[in-house]
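The values are calculated or read from the model by the stated rules, or taken from the named source; none is laboratory data. Because the structure is predicted, anything quoted here is derived from the model rather than measured. Please note: Cβ atoms are built from the backbone with ideal geometry, for glycine as well, and neighbour counts cover all protein chains shown. The protein model used for the area step is the full one, side chains on, heavy atoms only, and it has no ligands, DNA or RNA in it. Shrake-Rupley method; radii C 1.70, N 1.55, O 1.52, S 1.80 Å.
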Amino acid sequence: MADNMTPSQYARGRARLKQMAMNLYDVVKLNEGFKTKAYKDTKGNMTIGVGFNLESPINRKYLKDTYNLTYDDLVNKGVELNETQIKKLYDFSMENALEDALIFDPKLLKRPENVRLATLDLAFNLGRLKLLGGIDSEGKKVVGFDNMRAALANDDYETAAAEMEDSNWFSQVKTRGPRMVNIMRSQDSLTNLLKEIRSKKWV
């Protein structure tokens with residue numbers, strides 16, 4: 001067994017990881033919304049489920065391979081997805097976000113849960129280019145979150161939160177911005193939000 005853990009220790013570890021994954025899903029679900037039918041997001045991209053971008057070729061391929069559904073089925077024919085399907089699409093998107101977040105912060109998985117969750121939500125929302133910066137398909141420079149990245153490298157979560165707040169992203173995402181900045185700053189903010197989500201059955 002991994003790291004010479006006892007069966008009970010292993011089980012507790014698995015349960016903790018499962019709970020953290022549920023916490024992440026609940027927060028991202030609140031931030032992104034939950035739609036069984038295709039809709040246009042704030043940038044005009046056709047989207048479904050929990051922020052699943054239907055304009056992405058990678059996402060369209062996964063949708064076709066997994067459920068034999070096409071962009072046309074969802075956008076033009078109005079096919080709805082069920083909760084199980086939506087969760088699977090979310091899991092696929094989050095796996096990609098995790099890859100991006102680990103490039104952004106190699107120590108991500110060793111962080112406190114609130115820091116890890118805030119960083120993953122940011123990666124999920126922005127995608128690799130806007131998170132890390134670089135050159136877009138039109139040859140334009142995209143500014144990433146370099147100062148936040150440097151703050152995380154120094155384990156300075158207060159400065160990381162301040163850098164989130166001092167960004168175009170913060171002004172564009174409405175309530176999501178203050179919510180995630182507060183979570184980056186403290187585990188208590190995450191704990192209180194999860195209680196509120198579940199008590200109000202927001203997700």
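For the reader, a short list of remarks on this structure follows.
- Simple spin-label estimate for ASN147 and THR159 gives 1.1 nm between the two label positions (7 Å along the Cα-to-Cβ direction from each Cα).
- From the C-alpha gyration tensor of the stretch 1-95, square roots of 5λ in Å: 33, 14, 11
- When the Cα positions of MET5, PRO57, PRO106 are compared along the charge dipole of the chain, MET5 comes out farthest toward the positive end, with charges on each C-beta of Lys, Arg, Asp and Glu.
- Per residue of the chain, the DSSP helices (runs of n ≥ 4 H) give a summed -39500 (n - 2.57) that works out to -19500 deg cm²/dmol at 222 nm.
- Alpha carbon centroid spacing (whole Å) that separates the stretch 122-153 from the stretch 57-76: 27 Å
- Mean projected area (nm²) of the alpha-carbon convex hull when the stretch 59-123 is viewed from all directions: 5.2 nm²
- Computed over the chain, Kirkwood Rh from alpha-carbon pairs, angstrom: 18.1 Å
- Divide the volume of the convex hull around the Cα atoms of the stretch 104-180 by the residue count and you get 88 Å³ per residue.
- Approximate spin-label separation LEU17-THR175, in nm, with each point projected 7 Å along Cα-to-Cβ: 3.3 nm
- Residue-level accessible surface for VAL79, protein heavy atoms, 1.4 Å, Å²: 50 Å²
- Counting only heavy atoms of the protein chains and using a 1.4 Å probe, ARG185 has close to 90 Å² of accessible surface.
- For the stretch 154-193, alpha-carbon Rg over 2.2 N^0.38 Å: 1.12
- Counting only Cβ charges, +1 for Lys and Arg and -1 for Asp and Glu, the dipole size of the chain around its Cα centre is about 620 debye.
- Candidates per chymotrypsin sites (Phe, Trp or Tyr not before Pro) in the stretch 111-203, loop by DSSP, up to 14 other Cβ within 10 Å: TRP202
- Within the full protein context, the accessible area of GLU158 is estimated at about 100 Å² for a probe radius of 1.4 Å.
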